[in-house]
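These notes are about the structure you will find just below.
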Amino acid sequence: MYRVITPESEEDFEKYFAFRWEMLRKPWNYPLGSEKDEYEQVSHHRMIVDADKNVLAIGRLHFNTSEEAQIRHIAVAADQQGRGLGKMIVSALEGVARHEGVERIVTNSRELSMPFFKSCGYEVAGESSNELGTLSRSLMIKKLTELNAIMIHPKWCQALQKIWHDGIPISEQMGIKLFQYSGRTLETRAPIMKNINPHNTMFAGSIYSHAVLTGWGMIHLHLKEKGLEGDIVLAKGNIDYTMPIKTRPRAVCNIESMTERFELLKKGKRCPVKLSVDIFDDEIPAGLFSGEYWVIPVTSETMPE
């Protein structure tokens, strides 16, 4: 299972900077130390790790002005590229910028990485100064709005939102909304004020429902990706609450956490799906939901939950 985390300990940062040098400086024969600059102490750092805490991807964001942030040092391990980890990092960093009220994000991109940033909604704005004196780069900009979070298949996402509100009324009462879908990651959000308990934190039942629905939505969208149909029901769910949610509830499901047997569905049989959903209070981990679902062919009788 992959998770986006904020490096905090000395060990975390050692792994983080070693990975940055290995991926972004060593290939150009730059020495250790060249991977750091004067912005490190005032920047926001994110990295993706696996279950064994191996670093798979990294990225950094710092603020140029109160209106502008800059993304730098995006890197993904060679054997993990093409799995959406780069977009997960960019999305996490954009989330920090959005929370701080930034109007735009810039990045200096080499030609090789320009298609990636374009797929994330960035546009070329002109030439940039050469990094380390030799690497030619282009300035790319993304103006932040409520509607331009990384989201592919927006029509599918709009249809899913309608399915939730029409078929599961509690989702609308809770204010659960899709925030972004990258094909590999689904993030949903809910307002704290619609789900608050007498202790001014989020109801445990609301957190559970939020997580269950996010997992359900990830399966629904993944079925669409595969050109498959089926009724999705929850068979079993467990959630570990690690801290109360007080500000901004977020639920994130990554495709790497999902195990499924869609070949059974293609044969007209019930398909089991297991996945996990990370729960956050803003950027702080607040819980982990593990769910087992069934996808039932639309021509079969629905199995009771």
- line: Candidates 264, 213, 112; GNM for the chain (alpha-carbon contacts under 10 Å) flags as most fluctuating 112
field: Sequence-separation-based contact order of the chain, relative, with Cα cut under 8 Å and 6+ spacing, percent
entry: 11 percent
query: Taking the chain as a Gaussian network, where each spring joins two C-alpha atoms under 10 Å apart, which residue of 124, 106, 273 fluctuates the most?
result: 124
statement: In degrees, nearest 10, the alpha-carbon axis of helix 85-99 is tilted away from the dominant principal axis of the alpha carbons of the chain by 90 degrees
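Dipole magnitude of the chain about its Cα centre, charges +1 at Lys/Arg Cβ and -1 at Asp/Glu Cβ only, in debye to the nearest 20?
The calculation lands at about 820 debye.
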task: Loop only per DSSP, at most 14 neighbouring Cβ atoms within 10 Å: give me the GluC sites (Glu not before Pro) in region 168-245, ordered by residue number.
output: 229
query: Amide H of residue 144: which non-local residues (sequence gap of 5 or more, or other chain) have their own amide H closer than 5 Å, using H built in the peptide plane?
result: 104, 105
message: If you average the alpha carbon positions of region 48-87 and of region 189-213, how far apart do those two centres end up, in angstrom?
response: 29 Å
query: Length gain on complete extension for the stretch residue 34 to residue 78, per 0.36 nm per residue less the alpha carbon to alpha carbon distance?
result: 13.8 nm
- line: Counting only DSSP beta bridges fully inside the chain, the antiparallel percentage to nearest 5 is 95 percent
- prompt: Which value in nm describes the separation of the simple spin-label points at residue 26 and residue 65, placed 7 Å from the Cα toward the beta carbon?
  reply: 3.9 nm
field: Inter-site label distance for residue 13 and residue 274 at 7 Å from Cα along Cβ, in nm
entry: 3.8 nm
- line: Here the FRET efficiency for residue 112 versus residue 200, based on Cβ atoms and R0 = 45 Å and rounded to 0.05, is 0.40
field: Debye, to nearest 20: dipole size of region 45-125, +1 on Lys, Arg Cβ, -1 on Asp, Glu Cβ
entry: 140 debye
field: Estimated dipole of region 154-296 in Debye, rounded to 20 [Cβ of Lys and Arg +1, of Asp and Glu -1, Cα centre]
entry: 360 debye
task: Along Cα→Cβ, 7 Å out, is where each label goes; now give me the distance between the ones at residue 261 and residue 123 in nm to one decimal.
output: 4.9 nm
task: Quick one, can you get me the convex hull of the C-alpha atoms of region 3-143 expressed as volume per residue in Å³?
output: 114 Å³
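None of the figures in this text is laboratory data; all of them are computed from the coordinates on show. All of these numbers come straight from a predicted model, not from anything done at the bench. Neighbour counts run over all protein chains shown; Cβ positions are idealised from the backbone, glycine included.
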